[in-house]
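Trainee: Before I ask anything, let me first share the structure, which is written out below as structure tokens.
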Amino acid sequence: MSPHESLLTWSIIIPATAGVIIRPFRLPEAVWAVAGAVALVLCNLLTASEALRGIAKGLDVYFFLTGMMLTAELARCEGLFDYLAAFAVEHARGSPQLLFLLVYAVGILVTSFLSNDATAIVLTPAVYAATRAAGANPLPYLFACAFTANAASFVLPISNPANLVVFGERMPHLFEWLRQFALPSVAAIVVTYVVLCLSQRHALAEGTIASRVPHPRLGRGGRLTAIGIAAIGVVLLTASALDVQLGLPTFICGLVTATAVLALSRQSPRRVMKGISWSVLPLVAGLFVMVEALLKSGAIDHLNALLQAGIERSPTEAAWSAGIVASIADNIANNLPVGLVAGSVDHLPAQVLSAMLIGVDLGPNLSVTGSLATILWLVALRREKVDVSAWRFLKIGVLVTPPALLAALAAAIW
């Protein structure tokens, strides 16, 4: 690709990425990603076959996202998240601090087994409704949902779609994943909780809360969904242990669970299908096409050369730099594009790749633009007419993210 073509490529990709993050004219994120992909083809910077090849590289991610969104929306429709939120309120025994801990713990559980997007867009409304019913200020608990969605997103390979993007076909099997990320995950989760709790201590000290709230009844569909989620967890952990790509098993498990629950309860699938954020799929496809253009431009080869030079000097220093740079880049360009770029770099030592994944997953806790999960969290808040400004989130993120990131990187690298 000539210098002129490289410049034109960047002149398309940068505004398209900015559109995904800023959402001018309130158009959906997918519109900007697809527009960028189409513009690259129309300007002959990519052929149609090259664009299709880029889209095809995301096949495993599309399967994964569809399966997880289907399962999460089914759980929402069957009241499972409302049940979990009310359960947390009742077991808090009137203590805001204990409720905060319980909400954070539920967020870890949902993120680990249903992905961070489920925590952001499905658990968040349930927590808002439960805390309002308990007479609590909902904001600290909503922040707990947002921050745990990223802090717990490398507990398991299935905890974040970005994990599939970064590792792709190089995904470690389950036991190797746990060896690499168990301690960094604990460090990220604990440090995030402690700092977040300290930052919200004044809001959590505002009196007591109701010890009982209207407890939604978990019907047969909800119980079956819970059983299905547990079965999905077993299947996916088994697939990971056998070094099988996770996208197709996730899709099949989600489809089987939804079909079984809806058939046994004699419900139409329309409500579940309508509630799924289908625009996520063209959004990710558009991002894959833009990364394909970066590959063709030589930008990723240049990044690879810089990383390899750093690794030759000091693998440890290269790992620290890669993790920190990835975490900063998340908040400039969103973690999905950053994860796609990171996943396109070849021949990286496990230490460096692990550090990059931690940066990609945890860095978005700094700002509202950092990850798809946080963007979805804001969407969920807007539906409840709750306004959290970018500045307010940043003031908390700048306290929480650096110590959690450094702790997780230290646990991974040392």
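Bear in mind these aren't lab numbers, they're just calculated from the coordinates by the rules spelled out. Model, not experiment: these values are computed from the prediction. Cβ: placed from backbone, ideal geometry, glycine included. Neighbour counts: every protein chain shown.
Trainee: Put +1 on the Cβ of each Lys and Arg and -1 on the Cβ of each Asp and Glu in the chain; which of LEU242, ILE311, THR259 then has its Cα farthest toward the positive end of the dipole?
Mentor: It is THR259.
Trainee: Between GLN267 and GLU317, what is the spin-label point distance in nm, taking each point 7 Å from the Cα along the Cα→C-beta axis?
Mentor: That separation, rounded to one decimal, is 5.7 nm.
Trainee: Are there trypsin sites (Lys or Arg not before Pro) in segment 319-385 that DSSP puts in a loop and that have at most 13 other Cβ atoms within 10 Å, and which ones?
Mentor: LYS385
Trainee: Still on this model: Specify the inter-centroid distance of segment 309-357 and segment 21-61, based on alpha-carbon positions, in whole Å.
Mentor: 24
Trainee: If you don't mind, there's one more thing I want to ask. Using the basic label-point model (7 angstrom from Cα toward the beta carbon), what is the SER11 to HIS215 distance in nanometres?
Mentor: Reported label-point gap for SER11 and HIS215 is 6.4 nm.
Trainee: Further question: Once the Cα atoms of helix 80-91 and of the chain are each reduced to a long axis, what angle between those two axes, in degrees from 0 to 90 to the nearest 10, is obtained?
Mentor: 60
Trainee: With only Lys, Arg, Asp and Glu charged, each at its Cβ (+1 for the first two, -1 for the last two), find how big the charge dipole of the chain is about the Cα centre; round to the nearest 20 debye.
Mentor: So the magnitude is around 1480 debye.
Trainee: Follow-up. Using the alpha-carbon atoms, what tilt in degrees (0 to 90, nearest 10) does helix 124-133 show relative to the longest principal axis of the chain?
Mentor: 30
Trainee: If one computes the Cα centroid of segment 236-303 and of segment 159-175, what distance in Å separates the two points?
Mentor: Computed from Cα coordinates, the inter-centre distance equals 13 Å.
Trainee: Of (1) 0.97; (2) 0.99; (3) 1.09, which is the value of Rg/Rh (Cα atoms, Kirkwood Rh) derived from the coordinates here?
Mentor: Correct label is (1).
Trainee: Please determine, in degrees from 0 to 90 and to the nearest 10, the orientation of helix 29-42 with respect to the longest principal axis defined by the Cα atoms of the chain, where the helix direction is its Cα long axis.
Mentor: The angle comes out near 20 degrees.
Trainee: Right, here's the next one. Apply the Karplus curve 6.51 cos²θ - 1.76 cosθ + 1.60, θ = phi - 60°, to the phi angles in segment 57-70 and return the couplings in whole Hz, x for Gly and Pro.
Mentor: Computed from phi, the couplings for segment 57-70 are 5, x, 4, 5, 5, 5, 4, 4, 4, 4, x, 5, 5, 5 Hz.
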